[in-house]
Amino acid sequence: MSRMKVLCLVLLCILIAGNEAKVFERCELATVLKRGGLDGYRGYSLGNWVCMAYHESRYDSRAVGPPNWDGSRDYGIFQINSRWWCDNGQQPTANGCGKPCSAFTTDNISEDIVCAKRIVQDPQGMDAWVAWKKYCKGTDLSQWTHGCRI
Ligand SMILES: *[C@@H]1O[C@H](CO)[C@@H](O)[C@H](O)[C@H]1NC(C)=O
């Protein structure tokens with residue numbers, strides 16, 4: 001094969017890889033969430049947030065959930081809901097975080113973190129996340145940050 005062809009294949013691979021969803025590693029995510037100030041936010045230790053993200057999106061920053069019963073959808077690593085927290089342009093929304101839902105499906109999760117902080121300020125706290133309530137609440141959360149250098 002010519003050098004040019006090899007180079008083209010390499011570029012193609014880079015393009016394909018670049019289009020793939022960013023799926024975080026557990027400790028990578030823990031580090032980003034900690035930097036974002038979520039460790040201990042409203043009394044919820046870092047393990048709560050990592051566990052929630054795992055069960056909501058499997059750490060996939062571009063996850064979009066299937067339609068919910070009310071036609072809303074859930075977006076991004078924290079599966080933020082379009083009925084209450086963001087605008088997907090498809091239905092009425094309270095848009096509590098004041099963002100298009102597309103802001104929560106990028107590899108840069110800093111907007112997701114800002115919105116999660118808003119969500120957790122409501123009286124129900126992290127109960128807002130069904131998967132957290134079901135799989136994380138009241139469990140030993142140390143495993144979620146175990147071995148992470150943070
Ligand atoms: C991520 O987004 C935030 C706000 O939208 C911005 O301030 C920050 O620089 C971005 N980070 C990277 C690595 O692009």
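The table that follows gives values for the structure above.
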item	result
Helices (runs of 4 or more DSSP H) lying entirely in segment 1-93 (those with 1 or more residues that are at pLDDT 95 or above)	26-35, 46-57
Residue in segment 126-139 that is outside any loop (DSSP other than H, G, I, E, B), within 13 Å of the ligand (Cβ to nearest atom) and touching a residue at least 40 places away in the same chain (Cβ under 8 Å) present	no
Close pairs (8 angstrom Cβ cut-off, 6 or more residues apart or separate chains): under 15 Å from Tyr44 (Cα atoms) and among the aliphatic types (A, V, I, L, M) in segment 97-120, open to solvent by 70 Å² or more (accessible area, probe 1.4 Å) and away from the ligand (no atom under 13 Å from the Cβ) anywhere	Val120/Arg42
Residues that are open to solvent by 30 Å² or more (accessible area, probe 1.4 Å) and small (Gly, Ala, Ser), drawn from segment 27-44	Gly37, Gly40, Gly43
Positions within segment 64-123 being buried (at least 18 other Cβ atoms within 10 Å of the Cβ), among the aromatic types (Phe, Trp, Tyr) and more than 13 Å from the ligand (Cβ to nearest atom), in sequence order	Tyr75, Phe78, Trp85
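The values are calculated or read from the model by the stated rules, or taken from the named source; none is laboratory data. Quantities reported herein were computed from a predicted structural model and do not represent experimental measurements. A quick note on method: Cβ atoms are made from the backbone with ideal geometry, for glycine too, and the neighbour counts reach across all protein chains shown. Note: accessible area is taken over every heavy atom of the protein model, side chains too, but ligands, DNA and RNA are not part of it. Shrake-Rupley method; radii C 1.70, N 1.55, O 1.52, S 1.80 Å.
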